[in-house]
Amino acid sequence: EPEVTQTPSHQVTQMGQEVILRCVPISNHLYFYWYRQILGQKVEFLVSFYNNEISEKSEIFDDQFSVERPDGSNFTLKIRSTKLEDSAMYFCASSWGEQYFGPGTRLTVT
Amino acid sequence: EDQVTQSPEALRLQEGESSSLNCSYTVSGLRGLFWYRQDPGKGPEFLFTLYSAGEEKEKERLKATLTKKESFLHITAPKPEDSATYLCAVQARGNNRLAFGKGNQVVVIP
């Protein structure tokens, strides 16, 4: 069964460093998303991407964040200068109807 | 702003003891209501989509129902492997983003 994959599973970085989180969506899906979940809190929407451009973004998705689809299979989230409060699980999702989520990347900012 | 409230926050059940989880929502025009299952440290796993009041969906021991203001996830004769956090999310018309509730944490004791 096709699934969304994410790498790495865990990323530790120092405050102020740039990180890139990677996702491979399900191959025939056209919509791609990033969500995050701070420990013990709700899953929160960050951004959606369709037809090579951002279609929606939340207030959380400020200038520190960017997304890219560098080739036909990968979808990336870049955080330019990480802060302590960026520590969370980051989930990629893709859809052609229902949204299917990947296993997540646990980002720890020290 | 779309809002989702789930109750109870946590529930302990004896194996075989049926129960219901509640998801109350406010949304500016419902496009769909989604139920996901989330195991600790994992991504949300899609269960059901409901689109209109009166709709019901079933999968094994789970049954989801929808009214104009809330949805219920009924767990019939649960087994320990049904232990998880169940997430409810809504999608408004014209948007692709999902707005999640905090979840119902269910523990089924053998």
Please check: in the Gaussian network model of chain A (C-alpha springs, under 10 Å), which one of A:GLN17, A:GLN41, A:GLN99 has the largest mean-square fluctuation. A:GLN41
How many square angstrom of accessible surface are buried between A and B, both sides summed, with a 1.4 Å probe and rounding to 100? 1600 Å²
I'd like the residues of the stretch B:86-110 whose 1.4 Å-probe accessible area shrinks by no less than 40 Å² going from the isolated chain to the full set of protein chains. B:ASN96, B:ARG97, B:LEU98, B:PHE100, B:LYS102
Work out which trypsin sites (Lys or Arg not before Pro) in chain B are exposed loop sites (DSSP not H, G, I, E or B, at most 12 other Cβ within 10 Å) and give the longest gap free of them. B:1-67
Residue among B:GLY16, B:GLY32, B:GLY41 with the largest mean-square fluctuation in a Gaussian network model of chain B, springs linking Cα atoms under 10 Å: B:GLY41
Please compute the alpha carbon radius of gyration of chain A, then divide it by the globular-protein estimate 2.2 N^0.38 Å. Two decimals is fine. 0.99
Connecting C-alpha atoms closer than 10 Å in a GNM of chain B, tell me which of B:GLU17, B:GLU56, B:GLU70 has the biggest fluctuation. B:GLU17
Coil-residue trypsin sites (Lys or Arg not before Pro) of the stretch A:1-86, DSSP, other Cβ within 10 Å capped at 16: A:ARG80, A:LYS83
In the stretch B:34-61, what residues drop by 30 Å² or more of accessible area when the other protein chains are put back, versus the chain on its own? Use 1.4 Å, and skip ligands and nucleic acids. B:TYR36, B:GLN38, B:GLY41, B:GLY43, B:PRO44, B:PHE46
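Calculate, for the protein assembly as shown, the solvent-accessible area per residue in square angstrom, rolling a 1.4 angstrom probe over the heavy atoms of the protein chains.
Working: 11170 Å² over 220 residues.
Ligands and nucleic acids excluded, the figure is 51 Å² per residue.
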Can you compute log10 of I(q)/I(0) for the stretch B:8-107 with the Debye formula, treating each Cα as one identical point scatterer, at q = 0.14, 0.18, 0.20, 0.21 Å⁻¹? -0.49, -0.80, -0.97, -1.07
Restraint check, B:LYS59/B:LYS79; B:LYS42/B:LYS69; B:LYS63/B:LYS102; A:LYS42/B:LYS79, Cα-Cα greater than 24 Å: B:LYS42/B:LYS69; A:LYS42/B:LYS79
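The values are calculated or read from the model by the stated rules, or taken from the named source; none is laboratory data. Since we're looking at a predicted model, the values are computed, not measured. Neighbour counts run over all protein chains shown; Cβ positions are idealised from the backbone, glycine included. Keep in mind that these areas ignore ligands, DNA and RNA; they rest on the heavy atoms of the full protein, side chains included. Shrake-Rupley method; radii C 1.70, N 1.55, O 1.52, S 1.80 Å.
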